[in-house]
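Report on the following structure.
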Amino acid sequence: MKLFRLCTDQVRPGEPLPWNVRNEPGQLLLSKGYVIKDAEQAVTLIERGVFVDQEEFEQHQQSLLKAKPMALEPTQLWTQLNSQAHSLLTLPHENPRFQDDVSQASEHIHQALRGDPEAVVFEMLSAEPQSNAVAHSLNTAFVAALTSTRFGWSEAEQATLTNAALTMNMAALTLHNTLSTQRTALTPEQRYELHDHPAHSRALLEASGVTDADWLRTVEQHHITPDGRGLPQERGHLSEQACMIHYADVYVAKLSARAYRGALPAHQAARELFVNGGGAHNPFVSTLIKEIGMYPPGSFVKLANGDTAVVFARGEGAHTPQVRSLLNGHGAPYAAPQARDTAQAAFKVLTGLPRGQIKAKLDRRKLSGNISV
């Protein structure tokens with residue numbers, strides 16, 4: 001029996017366990033179907049170290065891949081997509097169906113877009129990932145796919161986009177997780193690995209059975225310019241899908257905190273991308289910002305009356321999102337979320353707030369009722 005150690009997001013309170021849980025020697029601790037009572041019990045289990053038979057875990061992941069995710073509500077859907085991505089990207093060599101399974105996960109992303117994309121954006125910005133590197137690839141794939149709906153690309157081109165975005169950092173997942181907590185400057189070895197990871201990721205994909213030439217070329221080309229700057233004048237040889245992935249990659253990175261810097265508020269991330277990426281002359285940048293918005297669902301904002309609010313949905317204008325106030329001007333939580341009309345001067349959005357600054361457990365379905373902060 002080969003054991004796989006479970007992460008925080010894989011042991012969820014109130015949900016039946018989809019596999020048997022064991023200790024490190026392999027002895028059964030909790031049977032499949034057992035329901036974790038609360039967050040405290042989940043944390044205790046993770047801290048002591050709990051494991052699952054890798055074969056049993058992978059069988060469950062295969063069943064998720066074959067499921068129809070649009071039958072799920074957005075929170076469950078995004079959790080499922082994260083689980084799929086984590087399993088696929090961390091165990092590629094042990095999956096003889098790797099290419100097909102990534103394509104299946106990619107199709108699930110497009111199914112999410114055909115459902116309620118605003119709700120999925122909310123979950124994307126609210127979720128606590130089990131792996132920063134895997135979550136970054138999934139978030140990039142979703143943002144790129146959402147933006148690309150405006151380009152009129154074929155189904156094959158859309159599939160290339162999401163397949164490549166999901167697997168763009170295959171050779172650097174460990175490095176990306178390390179850099180998210182590293183406060184010191186990159187070592188020469190890390191700089192080399194970061195610079196060459198597109199080519200190394202392509203090689204790893206080929207070793208994992210990927211034969212799709214467009215997919216492989218897009219992964220290899222997905223870093224177009226340094227730091228998300230404007231497109232080079234001569235770019236006829238570049239994949240359009242690689243260009244879209246590149247700018248989605250840069251945007252998503254700005255929304256995530258690193259040890260050496262905090263996360264940027266969504267409106268600031270959009271503004272920096274627009275200014276540095278060529279503005280209206282860059283169709284990938286300008287379309288991304290129009291599609292995502294300055295204040296996307298799931299982001300936090302400060303209102304003119306002092307309230308801290310979460311964006312619930314896009315509004316009629318770019319600067320008038322639909323929001324629910326969570327905290328008053330003194331930082332005290334409201335007993336229940338307060339709907340505010342941001343078109344009114346008293347509740348005008350003054351600025352966005354960075355992801356992670358507000359410690360709130362959000363449930364989009366209950367934003368009209370109680371919410372825990």
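Between Glu15 and Arg235, the modelled labels are 3.8 nm apart [label points 7 Å from Cα along Cα→Cβ].
The separation of the stretch 128-206 from the stretch 1-60, counted between C-alpha centres, amounts to 28 Å.
If you take all other residues with their beta carbon under 12 Å from the beta carbon of Met170, and give Lys and Arg +1 and Asp and Glu -1, the sum is -1.
The alpha-carbon atoms of the stretch 272-373 define a convex hull whose volume equals 105 cubic angstrom per residue.
Summing +1 for each Lys or Arg and -1 for each Asp or Glu among the other residues whose beta-carbon sits under 15 angstrom from that of Val275 gives +1.
Using the structure shown, select from Lys254/Lys290; Lys302/Lys359; Lys2/Lys37; Lys254/Lys359; Lys37/Lys366 the pairs with a Cα to Cα distance greater than 23 angstrom.
Lys2/Lys37
For the chain, the solvent-accessible area of protein heavy atoms averages 47 Å² per residue (probe radius 1.4 Å; ligands and nucleic acids excluded). Mark the label point 7 Å from the Cα of Glu73 along Cα→Cβ and return the residues of the stretch 1-41 whose backbone N is within less than 18 Å of it. Only 12-16 fall inside the zone, counting backbone N under 18 Å.
Between Asp100 and Ala185, the FRET efficiency estimated from the beta carbon spacing at R0 = 30 angstrom works out to 0.15. In the stretch 120-164 the Cα-Cα distances spread across 10 Å bins starting at 0 as 25, 49, 23, 3 percent of all pairs.
Enumerate the residues in the stretch 343-363 having an amide nitrogen under 14 Å from the point lying 7 Å beyond the Cα of Asn305 toward its Cβ. Under 14 Å, as judged by backbone N against the label point of Asn305, lie 343-350 of the stretch 343-363. Helical content of the chain, expressed as a calculated mean residue ellipticity at 222 nm, amounts to -14500 deg cm²/dmol (DSSP H runs of 4 or more residues, -39,500 (n - 2.57) each, divided by residue number, nearest 500). Taking a ≥ b ≥ c as the square roots of the eigenvalues of the Cα gyration tensor, the stretch 154-293 is oblate, since a/c reaches 1.5 or more and a/b is not larger than b/c. Using the Cβ-Cβ distance between Thr211 and Glu128 with R0 set to 35 Å, the FRET efficiency works out to roughly 0.45.
Which percent of the accessible area of the chain is formed by carbon and sulfur heavy atoms (probe 1.4 angstrom)? Intermediate values should be presented prior to the final figure.
Values: 8860 of 17620 Å².
Heavy-atom surface of the chain belonging to carbon and sulfur, 1.4 Å probe: 50 percent.
Inter-label distance, Ala203 to Lys348: 5.6 nm, where each label sits 7 Å from its Cα along the C-beta direction.
Please find the FRET efficiency linking Tyr34 to Leu3, where r is the Cβ-Cβ separation and R0 is fixed at 25 Å, and quote it to the nearest 0.05. Write down the numbers at each step before the final one.
Numbers: r = 18 Å, r/R0 = 0.71.
With a Förster radius of 25 Å, E is 0.90.
Site pair His93 and Asn328 shows an inter-label distance of 5.9 nm when each label is modelled 7 Å from Cα along Cα→Cβ.
The values are calculated or read from the model by the stated rules, or taken from the named source; none is laboratory data. Keep in mind that what you see is a predicted model, and the values were worked out from it rather than measured. Positions of Cβ are backbone-derived with ideal geometry, glycine not excepted, and every protein chain shown enters the neighbour counts. Just so you know, the surface numbers come from the protein's heavy atoms only, side chains and all, with ligands and any DNA or RNA stripped out. Shrake-Rupley method; radii C 1.70, N 1.55, O 1.52, S 1.80 Å.
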